[in-house]
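Please read the structure below before turning to the comments.
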Amino acid sequence: MSVVILGSGQLAKMLAEAGNEIGISSTFVVQHGVSADPVAGLGKVRRHDSDDEARECMASLPDVAAVTVETENTASSLLSLLSESYPVRPNTACVVACQNREHERQLLDHLDIPTAPHTVAREFNELSSAVEKIGFPLVLKTLSEGYDGKGQWVVDSAEEWESFDQSTLTLPLLVEKKIDFIREISLIGVRTPAGEIRFYPPAENIHIGGILIASFAPAANFSDKILQQAEANLTKLMEHLDYQGVMAMECFQTADGLLVNELAPRVHNSGHWTMDSDVTSQFENHMRAITGQELGPTQTQKHTLMLNILGEIPATLTAAPEPFSLYDYRKSARPGRKVGHLNLQYSDSKSLLSALQSLAKVWPNELVETLITQIKD
Ligand SMILES: Nc1ncnc2c1ncn2[C@@H]1O[C@H](COP(=O)(O)OP(=O)(O)O)[C@@H](O)[C@H]1O
Ligand SMILES: [Mg+2]
């Protein structure tokens with residue numbers, strides 16, 4: 001059985017590796033000029049310059065069970081075209097809904113799923129009234145293409161707004177209340193074409209400068225009431241979209257419950273911990289779901305920490321530092337770029353602390369130090 005993955009980055013890599021384990025081979029269909037280093041040796045790479053060329057380069061592939069994406073920023077025209085010949089999973093509408101923050105908010109509003117108060121400013125002359133409507137502190141976000149906190153501006157006060165250089169902004173913008181959250185969590189679910197849904201335990205996520213740095217799973221002290229709220233919301237979304245595969249929902253936890261911040265129609269960075277727990281990984285379950293196979297277990301009591309490695313893999317980490325597992329995405333170095341991650345299974349805060357202290361010796365950095373301080377407190 002084979003699957004086509006539109007993309008060749010780290011998510012494509014980890015999907016293909018998981019597929020290989022269960023007898024599903026992958027072909028990567030990628031635009032010319034995009035690096036395929038992460039997926040080297042994992043399957044054929046077919047290049048294209050246009051939607052038609054993409055379809056043509058897939059014509060000779062035997063027995064394609066499904067076409068899937070590693071990013072929401074996959075052209076809807078390509079997905080629609082391929083849908084004529086193949087099962088595209090998740091379907092085009094699911095991917096398109098997550099491409100644009102305004103559409104995403106409209107979907108969430110339509111399903112009565114709480115989000116931060118928001119409005120859209122389309123023209124510069126609408127910006128002041130939008131800012132006034134939402135009030136400070138607020139966040140301005142580009143509607144599309146944003147990731148890892150890119151395309152976002154935080155404005156904390158009226159004074160800051162007065163001196164804000166608006167020429168740095170490109171409209172339209174989502175103007176959104178900045179939420180003073182207790183913490184950030186994400187919920188990852190998986191749904192089969194037959195409609196079976198399973199959830200992983202939610203992860204607690206730590207972001208610095210808008211970039212995910214660490215995920216702890218299962219999130220500690222997560223009440224049943226909030227878990228039910230989160231699962232009910234993601235169920236509503238997946239059923240409404242007739243979703244197939246893995247979907248992630250990023251949330252802010254507040255004293256009044258959860259606010260959904262962002263949706264991802266794909267496997268998600270905050271689910272990388274599943275590679276080192278006693279569950280079927282999010283990658284394998286995505287491959288199983290899109291090929292109509294039975295899902296594997298998603299629930300666990302074991303604790304896992306995932307730490308992102310940004311910029312480049314330090315030379316001191318070329319081998320996995322015990323007791324961590326290391327995942328190298330084989331990407332070229334660039335400041336702030338996600339190039340790999342570490343997973344650690346731990347039994348209690350004492351063993352977590354001692355593992356982080358030994359990690360700090362081979363990989364001294366602010367994040368690890370901050371986590372050590374937090375755990376000691
Ligand atoms: N309204 C908000 N209030 C507080 N923090 C926010 C808000 N929006 C975004 N952030 C912070 O920025 C991070 C990245 O924002 P997000 O909307 O998820 O965009 P992306 O992940 O696409 O860059 C969030 O995980 C959160 O830490
Ligand atoms: Mg996000």
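Give the residue that is surrounded by the fewest Cβ atoms within 10 Å (Cβ to Cβ), with candidates limited to residues of the stretch 154-170 that are part of a helix (DSSP H, G or I) and not polar (S, T, N, Q). Even if it seems obvious, please write down each step before you answer.
First, pick out the residues of the stretch 154-170 that are part of a helix (DSSP H, G or I): 158-162, 166-168.
Among the residues that remain, those that are also not polar (S, T, N, Q) are: 158-162.
Working: 158: 11, 159: 10, 160: 13, 161: 17, 162: 8.
Residue satisfying both the conditions and the ranking: 162.
Can you pull out the residues in the stretch 276-306 that are part of a helix (DSSP H, G or I) and touching a helix residue (DSSP H, G or I) at 6+ places or on another chain (Cβ under 7 Å)?
Step one: of the stretch 276-306, the residues part of a helix (DSSP H, G or I) are 276, 282-290.
Passing the criteria: 282, 283, 284, 286, 287.
Could you tell me whether any residue of the stretch 320-337 is more than 30 Å from residue 67 (Cα to Cα), of a type in the set (A, V, I, L, M, F, W, C) and in a loop (DSSP other than H, G, I, E, B)? Yes, because at least one residue in the stretch 320-337 is more than 30 Å from residue 67 (Cα to Cα), of a type in the set (A, V, I, L, M, F, W, C) and in a loop (DSSP other than H, G, I, E, B). In the stretch 170-196, of all residues being in contact with a Leu (Cβ under 8 Å, 6 or more places away or on another chain) and more than 16 Å from ligand 1 (Cβ to nearest atom), the one that is farthest from residue 100 (Cα to Cα) corresponds to 196. Every test in (1) farther than 17 Å from residue 174 by Cα; (2) away from ligand 2 (no atom under 16 Å from the Cβ) is passed by residue 127 save one, and that test is (1). Output the number of the condition that residue 370 fails; it satisfies all remaining conditions of (1) part of a loop (DSSP other than H, G, I, E, B); (2) of a type outside the set (Phe, Trp, Tyr); (3) surrounded by 11 or more Cβ atoms within 10 Å (Cβ to Cβ). Of everything listed in (1) part of a loop (DSSP other than H, G, I, E, B); (2) of a type outside the set (Phe, Trp, Tyr); (3) surrounded by 11 or more Cβ atoms within 10 Å (Cβ to Cβ), residue 370 misses just condition (1). Beta carbons closer than 6 Å, at least 6 apart along the sequence or on distinct chains, pair a first residue in the stretch 244-262 that is within 18 Å of residue 214 (Cα to Cα) with a second that is within 16 Å of ligand 2 (Cβ to nearest atom) and basic (Lys, Arg) for 253/183.
Please pick out the residue among 235, 254 that is in the same structural domain as residue 289 (by TED's automatic domain parsing), away from ligand 2 (no atom under 16 Å from the Cβ), over 24 Å from residue 139 (Cα atoms) and β-branched (Val, Ile, Thr). Write out each step before concluding.
Details: 254 fails: over 24 Å from residue 139 (Cα atoms).
Of 235, 254, the one residue that is in the same structural domain as residue 289 (by TED's automatic domain parsing), away from ligand 2 (no atom under 16 Å from the Cβ), over 24 Å from residue 139 (Cα atoms) and β-branched (Val, Ile, Thr) is 235.
Of everything in the stretch 293-311 that is in contact with a Pro (Cβ under 9 Å, 6 or more places away or on another chain) and without any contact (Cβ under 8 Å) to a residue 60 or more places away in the chain, the residue that is farthest from residue 207 (Cα to Cα) is 302. Could you tell me whether the stretch 187-201 includes any residue that is crowded, with 21+ Cβ neighbours inside 10 Å, under 25 Å from residue 139 (Cα atoms) and of a type outside the set (A, V, I, L, M, F, W, C)? No, the conditions are met nowhere in the stretch 187-201.
With respect to residue 249, determine if the residue is crowded, with 21+ Cβ neighbours inside 10 Å and either over 19 Å from the mean Cα position of the chain (by Cα) or within 16 Å of ligand 2 (Cβ to nearest atom) (or both).
Working: crowded, with 21+ Cβ neighbours inside 10 Å: yes; either over 19 Å from the mean Cα position of the chain (by Cα) or within 16 Å of ligand 2 (Cβ to nearest atom) (or both): yes.
Against the criterion (crowded, with 21+ Cβ neighbours inside 10 Å and either over 19 Å from the mean Cα position of the chain (by Cα) or within 16 Å of ligand 2 (Cβ to nearest atom) (or both)), residue 249 qualifies.
Among the listed residues 142, 68, 74, 119, identify the single one that is without any contact (Cβ under 8 Å) to a residue 60 or more places away in the chain, more than 16 Å from ligand 2 (Cβ to nearest atom) and either within 16 Å of residue 171 (Cα to Cα) or out of contact with any Phe, Trp or Tyr (no Cβ under 8 Å at 6 or more places or on another chain) (or both). Going through 142, 68, 74, 119 in turn, the sole match is 119.
Can residue 290 be described as over 16 Å from the mean Cα position of the chain (by Cα) and among the hydrophobic types (A, V, I, L, M, F, W, C)?
On the way: over 16 Å from the mean Cα position of the chain (by Cα): yes; among the hydrophobic types (A, V, I, L, M, F, W, C): yes.
Here the answer is yes, as residue 290 does meet what is asked.
Which condition from (1) more than 13 Å from the chain's Cα centre (by Cα); (2) within 16 Å of ligand 2 (Cβ to nearest atom); (3) surrounded by 19 or more Cβ atoms within 10 Å (Cβ to Cβ); (4) of a type in the set (Val, Ile, Thr) is the one that residue 280 breaks? Against the list (1) more than 13 Å from the chain's Cα centre (by Cα); (2) within 16 Å of ligand 2 (Cβ to nearest atom); (3) surrounded by 19 or more Cβ atoms within 10 Å (Cβ to Cβ); (4) of a type in the set (Val, Ile, Thr), residue 280 comes up short only on (2).
Against the definition (assigned to a helix (DSSP H, G or I), within 16 Å of ligand 2 (Cβ to nearest atom), closer than 30 Å to residue 86 by Cα and assigned by TED's automatic domain parsing to the domain that holds residue 196), how does residue 272 come out, yes or no? Lay out the reasoning, then the answer.
Working: assigned to a helix (DSSP H, G or I): yes; within 16 Å of ligand 2 (Cβ to nearest atom): yes; closer than 30 Å to residue 86 by Cα: yes; assigned by TED's automatic domain parsing to the domain that holds residue 196: yes.
When the stated conditions are applied, residue 272 passes them.
All conditions in (1) assigned to a helix (DSSP H, G or I); (2) crowded, with 17+ Cβ neighbours inside 10 Å hold for residue 80, with the sole exception of (2).
Kindly indicate the residue of the stretch 120-150 that is part of a loop (DSSP other than H, G, I, E, B) and in contact with a Leu (Cβ under 9 Å, 6 or more places away or on another chain) and also nearest to ligand 1 (Cβ to nearest atom) among those meeting that condition. Step through it out loud before you land on a result.
Restricting attention to the stretch 120-150, the residues satisfying the condition of being part of a loop (DSSP other than H, G, I, E, B) are 122-123, 135-137, 143, 145-150.
After this cut, where a residue has to be in contact with a Leu (Cβ under 9 Å, 6 or more places away or on another chain) as well, the list is 122-123, 143, 148.
Details: 122: 19, 123: 22, 143: 11, 148: 5 Å.
Among those residues, the one meeting the criterion is 148.
The values are calculated or read from the model by the stated rules, or taken from the named source; none is laboratory data. Everything numeric in this text was worked out from a predicted model, so none of it was measured. Ideal geometry is used to build each Cβ from the backbone, glycine not excepted, and the neighbour counts take in all protein chains shown.
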